[in-house]
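Working notes, structure below.
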Amino acid sequence: MSNLSKHDPYYLEFSRKVKELRSLIKQGSVNDTTSPIQQAPKRARQANQPSSDEVAKKTAGRRLPAEIVLSVIRYLPFKDRALNTGVCRAWRNWIRGCPLLWTHLDLTPYKNKLTTAGAISLFRNAGRHLESVRLDDCKKLTSPAFSTLSSGRPNLKVLSISDIYGSLPAEQIPKLVDSFKNSLTELTLQRTKIDDDGLKLIMWSCLKLESLDVSNCDISGIGIVRGFEKVIKYAKMSKKPVEDVIARNSLKKLDVSFCPLVGNPFLVGIASLCPNLEDLRVERCSSIRVSGMFHLHKLRNLKSIILRGTETKEEGGVSLEAVLYSLADNLRQLSTIAFSHSQHVYDAPVIQLVNKCPLSHVYFKSCVWITGASIEALAQSKITNLVHVVLSACPAVNMDSVITLLMNSRKSLKNLDLSNNAWVDDRCFPVLAMCYMMVRVDFSKCDNVTGVGILQWADEAKAFWKRTGWRPSLSWVGLNDCNKISLNSATTLRSGIGRPVFVDYRFH
C-alpha cells in the first residue's frame with residue numbers, strides 16, 4: 001500500500017474495511033483468519049446468485065412430467081427402482097405412491113436381506129394392484145408378512161413360495177392360496193411342507209389355476225386328483241354337465257418331479273380329469289410304472305412330457321415300446337420328450353415319434369439301445385424347429401448320423417449335448433462352425449475330441465461369420481475331462497470366434 005496516498009479513495013475504503021473487520025473480531029462474530037479481500041468477492045457472488053424461486057421458474061419448462069418419469073422407472077429392475085427413491089423427495093413420493101410400479105415383486109435375489117417389515121412395506125405400496133410375488137427361499141419372513149400379503153389382493157396371478165420350511169407351516173399354505181382363488185393362475189410350492197390334503201383344498205378353490213409346481217414335496221399327487229373329483233361332485237349336485245366341467249379344467253402345466261410317492265393312481269386320474277394339460281413333468285418319480293404311462297395318450301393336447309429317471313420295465317403286459325407307439329398315434333402336438341437311464345427305449349417307437357410329432361426338444365441320456373437310425377430319422381424328418389438335442393452316454397449312436405443332423409438343423413439348433421461318448425471326434429467341427437444359432441455345446445468326457453479340432457472349429461466359425469455375415473451365437477462350451485485337449489486350445493476358443501465364450505474345462 002506504499003504506492004497509495006492517504007487521501008486516495010481506495011486507501012480510505014481499505015482502511016474502513018480493516019477497522020470494520022477489527023471490530024467484528026473483537027465481538028467474536030467472525031474468524032480472524034478471514035481477510036476482507038477474501039470476503040468481498042464471496043459477498044459479490046452471493047449477491048449475483050439467483051434465488052431458489054427464480055431457479056424453479058427457469059427450469060419449470062424443462063422438467064419431465066411425473067407420468068413420464070414413472071413410466072421410465074417402471075422398466076428398471078426392482079433394485080434400481082428402490083434406489084431411485086433416494087434421488088429427491090419428489091421422486092421418493094412419486095415412486096412409493098405409485099402402486100403400478102410394484103405390481104411384480106421378485107424378492108428372491110434379496111432373500112438374505114429381506115425382513116418382515118420390508119416385505120410388509122412393499123406389499124402395502126402395491127395395494128390392490130399386486131399381480132405377481134416371488135418369495136423363494138425368503139426364510140426370514142414371518143406370519144405377519146404373509147397375513148399382509150393375503151389381504152386385499154384381488155389381481156394376484158403369480159405366487160411362488162418355494163423353500164420356506166420354517167416361515168410358513170403346511171396348514172397355512174392352503175389358507176394363503178385361498179385368498180387369491182379368484183385370480184391365481186400360477187403357483188409354485190417347491191420344497192415346501194404341503195401335503196395331499198392341502199393340495200386337495202387348493203385344487204378345489206383355485207379353479208383358474210393353469211400352472212402348478214410341487215416338485216420335491218412329500219406328496220403322492222392323489223390330492224390333486226381328489227380336488228378335481230370334488231369339483232365334479234359339486235357340479236353333479238348342481239346338475240351341471242360333467243363333460244363341460246372337465247373340458248373347462250384350466251390346468252396346463254404340472255410338475256411333480258422328485259416326488260417318490262407319486263405313482264400310477266396319479267397318472268390315471270390326471271389323464272382323465274385334465275384334458276387341457278400341455279406340460280407334464282414326472283422326473284425321478286420312482287413309483288410310476290409303465291402301466292400308468294399308457295394312460296397318457298388320453299391327453300391329446302400334451303406338448304411336453306419329461307419321464308427322466310422313471311421305471312420303464314414291462315408290467316402287466318404293457319411295455320414302454322407300446323406306450324411310445326400310443327403316444328405317437330395320439331399326441332400329434334408333442335414337441336418335447338425326455339428319457340434317461342433307460343434300457344427299454346428302442347429305435348422303432350422313437351422313429352415313429354419322430355415321423356408323427358413336431359419334436360423340438362429331444363433328450364436321451366444313458367439310453368443304450370438308441371442307435372444312429374433314430375438320429376438319421378430325426379435328421380431326415382420334416383422337423384424344421386429342432387432346438388435342443390441331448391445324446392449323452394448313448395454308445396450305439398454314430399458320428400455320421402450326428403453330422404447329418406447338424407447339417408439339416410444348422411439354422412435352428414441351439415443346444416447340443418454329446419458328452420460321455422467315445423464315438424465323438426473332430427469330424428463334427430467343420431459342420432458345427434456353420435451352426436450359427438448354436439448357444440451351448442457339451443463335449444465333456446469325449447476322449448477322441450482333440451485340440452486340433454477345437455482350433456479348427458474356432459477358425460472356421462470366424463471365417464463363416466466373415467463370409468456370410470452371420471455372427472456365431474455360441475456362449476458356453478463344456479470340455480471337462482477331454483484328455484486330448486490342451487489348455488492353449490481351450491483358451492483360444494474363449495475369444496477365437498469373434499465373441500467371448502465361456503469354456504468350462506477341468507483336466508485331471
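The values are calculated or read from the model by the stated rules, or taken from the named source; none is laboratory data. Every value quoted in this text rests on a predicted model; they were computed, and no experiment measured them. In this analysis, Cβ positions are derived from the backbone assuming ideal geometry, glycine residues included, and neighbour counts consider all displayed protein chains. Only protein heavy atoms, including side chains, enter the accessible area calculation; ligands, DNA and RNA are left aside. Shrake-Rupley method; radii C 1.70, N 1.55, O 1.52, S 1.80 Å.
Where in the stretch 128-165 does the amide nitrogen come within less than 14 Å of the point 7 Å from the Cα of residue 208, taken along Cα to Cβ?
Only 129-132, 153-159 fall inside the zone, counting backbone N under 14 Å.
Can you list the residues of the stretch 391-421 with backbone N under 20 Å from a point 7 Å past the Cα of residue 380, pointing along Cα to Cβ?
Under 20 Å, as judged by backbone N against the label point of residue 380, lie 396-410 of the stretch 391-421.
Mind running the shape call on the chain? Use the C-alpha gyration tensor, a ≥ b ≥ c as the square roots of the eigenvalues: rounded below 1.5 for a/c, prolate if a/b tops b/c, oblate otherwise.
Verdict is oblate for the chain.
Along the charge dipole of the chain, Cβ charges K/R +1 and D/E -1, which of 392, 497, 403 sits furthest on the positive end?
497
Rounded to the nearest 0.05, what FRET efficiency is calculated for residue 341 and residue 124 with R0 set to 30 Å and r the Cβ-Cβ distance?
Details: r = 50 Å, r/R0 = 1.66.
For residue 341 and residue 124, the calculated efficiency is 0.05.
Using a 7 Å offset from the Cα along the Cα-to-Cβ direction at both residue 329 and residue 143, what is the distance between the two label points in nm, to one decimal?
Roughly 5.6 nm, to one decimal.
Under 15 Å from the Cβ of residue 330, count the other residues' Cβ atoms, weight Lys and Arg +1, Asp and Glu -1, and hand me the total. Let's see the in-between values first.
Working: positive: 298, 300, 303, 332, 356; negative: 278, 329.
Overall, the nearby charge balance is +3.
List, in the order given, every pair from 193/252; 79/252; 208/298; 233/253; 445/466; 157/298 whose Cα-Cα distance in the structure shown is over 26 Å. Mind dumping the intermediate values first?
Numbers: 193/252 23 Å; 79/252 32 Å; 208/298 22 Å; 233/253 23 Å; 445/466 32 Å; 157/298 29 Å.
Table pairs above 26 Å Cα-Cα are 79/252; 445/466; 157/298.
Using only the alpha-carbon atoms, how far is helix 320-330 inclined from the longest principal axis of the chain? Give it as 0 to 90 degrees, nearest 10.
Rounded to the nearest ten degrees, it is 70.
For residue 475 and residue 96, what is the calculated FRET efficiency with R₀ set at 25 Å and r taken between the beta-carbons, to the nearest 0.05? Could you put the intermediate results ahead of the total?
On the way: r = 39 Å, r/R0 = 1.54.
It comes to 0.05.
About its Cα centre, what dipole magnitude does the stretch 156-196 give when the only charges are +1 on Lys and Arg Cβ and -1 on Asp and Glu Cβ, stated in debye to the nearest 20?
On the way: 5 positive and 6 negative charges, 28 e Å.
Charge dipole of the stretch 156-196: 140 debye, to the nearest 20.
Looking at 212, 199, 188, which one has the Cα that reaches farthest to the positive end of the dipole of the stretch 185-245 (charges on Cβ: Lys, Arg +1; Asp, Glu -1)?
Among 212, 199, 188, the one farthest towards the positive end of the dipole of the stretch 185-245 is 199.
Points 7 angstrom from Cα along the Cβ direction at residue 175 and residue 279: gap in nanometres?
Inter-label distance under the simple model: 3.2 nm.
Report the full-extension gain for the segment residue 502 to residue 272: residue separation times 0.36 nm, less the Cα-Cα distance, to one decimal in nm.
78.2 nm
Which residues does a label at residue 117 reach in the stretch 143-157, if reach means a backbone N under 15 Å from a point 7 Å past the Cα toward the Cβ?
Under 15 Å, as judged by backbone N against the label point of residue 117, lie 144-145 of the stretch 143-157.
Calculate the dipole size of the stretch 153-243 relative to its Cα centre from +1 charges on Lys and Arg beta carbons and -1 charges on Asp and Glu beta carbons; express the result in debye to the nearest 20. Provide the component values of the computation, followed by the final result.
Working: 14 positive and 12 negative charges, 108 e Å.
Here the size comes out at about 520 debye.
I want the antiparallel fraction of DSSP beta bridges within the chain, as a percent rounded to 5.
Numbers: 1 of 46 bridges.
Rounded to the nearest five, the antiparallel share is 0 percent.
Which value in nm describes the separation of the simple spin-label points at residue 238 and residue 440, placed 7 Å from the Cα toward the beta carbon?
4.4
Given a 1.4 angstrom probe, I'd like the percentage of the accessible area of the stretch 186-303 that is carbon and sulfur, rounded to a whole number. Spell out each step's value before the answer.
Working: 2570 of 5170 Å².
Ligands and nucleic acids excluded, carbon and sulfur give 50 percent.
At 0.36 nm per residue, minus the direct Cα-Cα distance, what do residue 483 and residue 456 gain on full extension? Give it in nm, one decimal, please.
On the way: separation 27, 0.36 × 27 = 9.72 nm, distance 1.76 nm.
This chain segment gains 8.0 nm when fully extended.
Working from Cα positions, state the angle (0 to 90°, nearest 10) between the long axis of helix 399-408 and the longest principal axis of the chain.
Compared with the principal axis, the helix lies near 60 degrees.
Say R0 is 22 Å: what FRET efficiency, to the nearest 0.05, do residue 197 and residue 300 get from their beta-carbon distance? Provide the component values of the computation, followed by the final result.
Details: r = 31 Å, r/R0 = 1.41.
Between residue 197 and residue 300 the formula returns 0.10.
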